[in-house]
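Take a look at the structure below.
Where a number appears in this text, it was derived from the coordinates with a stated rule and is not lab data. What you see is a predicted model; the values in this text were computed from it and never measured. Using ideal geometry, Cβ is built from the backbone for each residue, glycine included, and neighbour counts are taken over all protein chains shown.
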Amino acid sequence: MPVKNSKIGKLINKGERHFKNKQFEDALSIFDLCLKIDRRNEKLWEYKAFALYELNRIDEAYECLEQIKDINPEKMRWLDEIRKIPEIQRCDKLMEDASMLIADQQFEKAIACYKEVIKSDPVCTDAYMNTGICYDYLGDYSSALDFFNMTLELYPLYPKAWLNKAITYQHMRDIDEALNCYEKATDLDKNYSLAYYNKGVLLMEMGNYRVALESFTKALETDPENENARYNAEICINWILNRKVIK
């Protein structure tokens, strides 16, 4: 018996070295050999599962995890978390792909990626919000608002979602709703320079230069390098001074 333990220990060490060197097929062969000696060794099943995972043999890796559950039922929760890892990685890849598609202005394809993420992770707020942004780019403002509202149902305190909802209302020329959403964004994040800036631009378009100046000033307090805010603030100041001269 001691000879057997010594032999399996050396084999496991050899398998670990192959694994660290990314020689996953060789590592797998050794772990299989070890399991012929000791099928109740849960560590070996873990090693085999990880080697199979690296070889993209996911279903077989899951079968190894089931073996571990049979040996040690206390690991059930940990193994359930391990099962989620490939799906999490797939969602991360879809989010990255969608970002690149948006950069290429392929908004329909980006939406398809985000919707795949939502199927796998129904509480991924950024997937909902980014879908809304894509619909806004496409001019489908109703769908954009639907997805921003879904985002805010999941996370009502998300300033960026309120900002994007405001932008869509602004595109729809629903000024009151846009201003309300900008207010909500800045209430939630007092340092949200972009929300202050966008609100200022909208107020300028309405001819409300005095209140617009307040928004641009707030934007500059949190982001002194914002040249657009500085430029628009100067326009507002000049307008106010000219009005005083005329009077």
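Give me the extension gain from ILE37 to LEU154: residue separation times 0.36 nm, minus the current Cα-Cα distance, reported in nm with one decimal.
Between ILE37 and LEU154, full extension yields an extra 37.0 nm.
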Report task. Between the alpha-carbon centers of region 182-247 and region 118-149, tell me the distance in whole angstrom. Result -> 28 Å
Requested in this report: For the chain, find the longest principal axis of its Cα atoms and tell me its angle to the long axis of helix 209-222, 0 to 90°, nearest 10.
Outcome: 30 degrees
Query raised in the report: Could you give the length gained on full extension between LYS22 and LEU55, defined as 0.36 nm per residue of separation minus the Cα-Cα distance, in nm?
Result: 10.9 nm
Report task. Rounded to the nearest 500, what is the 222 nm mean residue ellipticity of the chain from helices alone, with -39500 (n - 2.57) per DSSP H run of 4+ residues and division by all residues? Result -> -27000 deg cm²/dmol
Report summary line: So the FRET efficiency between ARG230 and ASP146, C-beta based with R0 = 41 Å and rounded to 0.05, is 0.65
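How high is the relative contact order of region 104-147, in percent, counting Cα pairs under 8 Å that sit 6 or more residues apart?
Values: 37 pairs, mean separation 15.2, N = 44.
The normalised contact order for region 104-147 reaches 35 percent.
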Query raised in the report: For the chain, what relative contact order do you get, as a whole percent, if you take Cα pairs closer than 8 Å and at least 6 residues apart?
Result: 7 percent
**Report entry** Mean projected area in nm² (Cα convex hull; one quarter of hull surface) for the chain
**Finding:** 19.2 nm²
Query - Folded to 0 to 90 degrees: helix 42-54 orientation relative to the chain principal axis, Cα - result: 50 degrees
Report summary line: In Å³ per residue, the alpha-carbon convex hull of region 1-71 encloses 67 Å³
Report task. With 19 Å as the limit, write out which pairs from LYS48/LYS119; LYS48/LYS69; LYS7/LYS36 have Cα-Cα distances beyond it, or answer none. Result -> LYS48/LYS119
Query raised in the report: Roughly what angle does helix 107-120 make with the longest principal axis of the chain, taking Cα atoms, 0 to 90 degrees, to the nearest 10?
Result: 50 degrees
